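Shown next, in structure tokens, is the structure this report addresses.
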Amino acid sequence: MLNSKQNLNGIGMTSQRTRERLIGRLRDQGIDSMAVLDVMRSTPRHIFLDEALSHRAYEDVALPIGHNQTISQPYVVARMTEAIHTNHQLDRVLEIGTGCGYQTAVLARLAKRVMTIERIRPLLDRARKNLRALELRNIEFKHGDGSAGWPERGPYDAIITTAAPQHVPEVLLEQLADGGRMVIPVGADEIQELRLIQRNQQEFKETLLDRVRFVPLLTGQLQQ
Ligand code: SAH
């Protein structure tokens, strides 16, 4: 979490080197979009974590953020972002599962507008604070059940879901613009399939991108 302005610049002289090592790792794992690598390099991940975990911010792992939720693994954030951004204009993007706002920050620097939905109120408030500290202002927040999407703001050039449903919600497909893309982890098990879905009028083409591990997409009951 962000306590002061100095925190933005990070944790001493080592942090630049540590961040660079992370970028090297992303490259080794096949991320080759310069735009995505640049944004990953300049997004301070430590401000999204509690003080006690911030020394691990540039490790390529998911970490706990409270409320039984996690901040996504940098590789997965990069992979999902690359899948929607490469050769594709992003005017409006919908993110489902804001968490602490790390993926939101990356998206906000590559898209004109980002809409993001989170069901746990304290996490949404924390994300709002983190993203304001990074001076990202092209983001709209909603406390709600993201599995219904946000039709009033659509259609979207891309939809990113950062929690896993058992099946792709039909209503989300309907909110994709023609030519739009969705990245979504799908499955009931601990390990899910990360799918890229591309809309061409009423056709939806699916590609398997990876195997991933996300928290489940919960429906109903919001947590205040
Ligand atoms: N995008 C985050 C990852 C957050 S983890 C990052 O960059 O680190 C997934 C988040 O999805 C959790 O915060 C969880 O509360 C949220 N979530 C789960 N089901 C949801 C739903 N139906 N609607 C909105 N958010 C949901």
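The values are calculated or read from the model by the stated rules, or taken from the named source; none is laboratory data. All values derive from a computational prediction rather than experimental measurement. Positions of Cβ are generated from backbone atoms using ideal geometry, with glycine treated the same way; all protein chains shown enter the neighbour counts.
Considering only the range 201-209, I want to know if a residue exists there that is more than 22 Å from residue 151 (Cβ to Cβ) and under 17 Å from the mean Cα position of the chain (by Cα).
Yes, the range 201-209 has at least one match.
Suppose the filter is modelled with pLDDT of 95 or more and either among the aliphatic types (A, V, I, L, M) or surrounded by 12 or more Cβ atoms within 10 Å (Cβ to Cβ) (or both); does residue 215 pass it?
No: the conditions fail for residue 215.
Specify which of the listed residues (124, 131, 90) is among the aliphatic types (A, V, I, L, M), touching a residue at least 24 places away in the same chain (Cβ under 8 Å) and farther than 21 Å from residue 48 by Cβ.
90 is the lone residue from the list that is among the aliphatic types (A, V, I, L, M), touching a residue at least 24 places away in the same chain (Cβ under 8 Å) and farther than 21 Å from residue 48 by Cβ.
Mind listing whichever residues of the range 42-55 are within 15 Å of residue 17 (Cβ to Cβ) and either among the basic types (Lys, Arg) or surrounded by 20 or more Cβ atoms within 10 Å (Cβ to Cβ) (or both)?
Result: 44, 45, 46.
Mind listing whichever residues of the range 56-93 are within 16 Å of residue 43 (Cα to Cα), surrounded by 19 or more Cβ atoms within 10 Å (Cβ to Cβ) and more than 11 Å from the ligand (Cβ to nearest atom)?
57, 58, 75, 78, 79, 82
Among what's in the range 140-171 and is of a type in the set (A, V, I, L, M) and in contact (Cβ under 8 Å) with a residue 60 or more places away in the chain, pick the residue that is surrounded by the most Cβ atoms within 10 Å (Cβ to Cβ).
So the residue we want is 159.
Yes or no: the range 94-103 includes at least one residue that is more than 26 Å from residue 51 (Cβ to Cβ) and part of a helix (DSSP H, G or I).
No: zero hits.
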